[in-house]
1. How large, in percent, is the carbon and sulfur part of the accessible surface of region 15-142 at a probe radius of 1.4 Å?
2. Taking only DSSP H segments of four or more residues, each worth -39500 (n - 2.57), what value at 222 nm results for the chain once the sum is divided by all its residues, to the nearest 500 deg cm²/dmol?
3. I'd like the antiparallel share, as a percent to the nearest 5, of DSSP beta bridges with both residues in the chain.
4. Would you mind finding the longest exposed-site-free stretch of the chain, with exposed trypsin sites (Lys or Arg not before Pro) meaning DSSP loop and at most 13 other Cβ atoms within 10 Å?
5. Run down the lysines and flag those whose C-alpha is under 19 Å from the C-alpha of K130, throwing out any fewer than 8 positions away in its chain.
6. What number comes out for accessible area per residue over the chain if the probe is 1.4 Å? Units Å², please.
7. With +1 on the Cβ of every Lys and Arg and -1 on the Cβ of every Asp and Glu, and nothing else charged, how large is the dipole of the chain about its Cα centre, in debye rounded to the nearest 20?
8. What number results when the radius of gyration of the chain, computed over Cα atoms, is divided by 2.2 N^0.38 Å?
Amino acid sequence: MAHEQRGSPAAGLELETVQRLLAACQKAKSFAYCPYSKYPVGAALLTSEGKIFTGCNVENASYPLGACAEQTAIQKAVSEGHTKFRAMAISCNSQETYSFPCGGCRQVLREFGQEWEIYLTRMDGTYIQKTLEELLPLSFGPAHLKC
């Protein structure tokens, strides 16, 4: 897969791990249930222990009840006892733009830290790497609730 890095470099995963994440998010995208938007999204989440959890978007006729791929992956990981993450890869079917997470997903990801790596992909296999802090600067998180 081609790599087109933009933004500040993070700690950096091994290329093999990045490729595993990218493949996992592409596969997860194939399971998306998106009869309304026709916009499939897949996400692959890497825990600090090296386990990968995937998620896809699941739409609902009552739109607010749908779930984004990123949130699905996070919920699967947390429901199995994982709360420390190293990276996430996200894919969609766009040729022109990378698969940026929505604002709500950025906040959900932020709950679990700011410095982990986010790999945003396009259909042609190119990707860019960002940190969550770059995607959600000046964010609100758990530490703000400590008085």
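1. Numbers: 3410 of 6080 Å².
Here carbon and sulfur together make up 56 percent of the probe-accessible area.
2. On the way: 4 runs with 38 residues, N = 147.
Helix-only estimate at 222 nm: -7500 deg cm²/dmol.
3. Numbers: 17 of 22 bridges.
Restricted to the chain, the bridges split so that about 75 percent are antiparallel.
4. Details: sites that count: R6, K38, K51, K84, K146.
That gives 85-145 as the longest site-free run.
5. Answer for K130, where 19 Å is the Cα cut-off: K84, listed by chain and number.
6. Details: 7760 Å² over 147 residues.
For the chain, the per-residue accessible area is 53 Å².
7. Numbers: 14 positive and 14 negative charges, 47 e Å.
The calculated dipole for the chain is roughly 220 debye.
8. Working: Rg = 14.5 Å, N = 147, 2.2 N^0.38 = 14.7 Å.
Dividing the Cα Rg of the chain by 2.2 N^0.38 Å gives 0.99.
The values are calculated or read from the model by the stated rules, or taken from the named source; none is laboratory data. Everything quoted here is computed from the prediction, not taken from an experiment. All Cβ positions, glycine included, derive from the backbone under ideal geometry; neighbour counts span all protein chains shown. We work out accessible area using only protein heavy atoms, side chains counted, and drop any ligands, DNA or RNA first. Shrake-Rupley method; radii C 1.70, N 1.55, O 1.52, S 1.80 Å.
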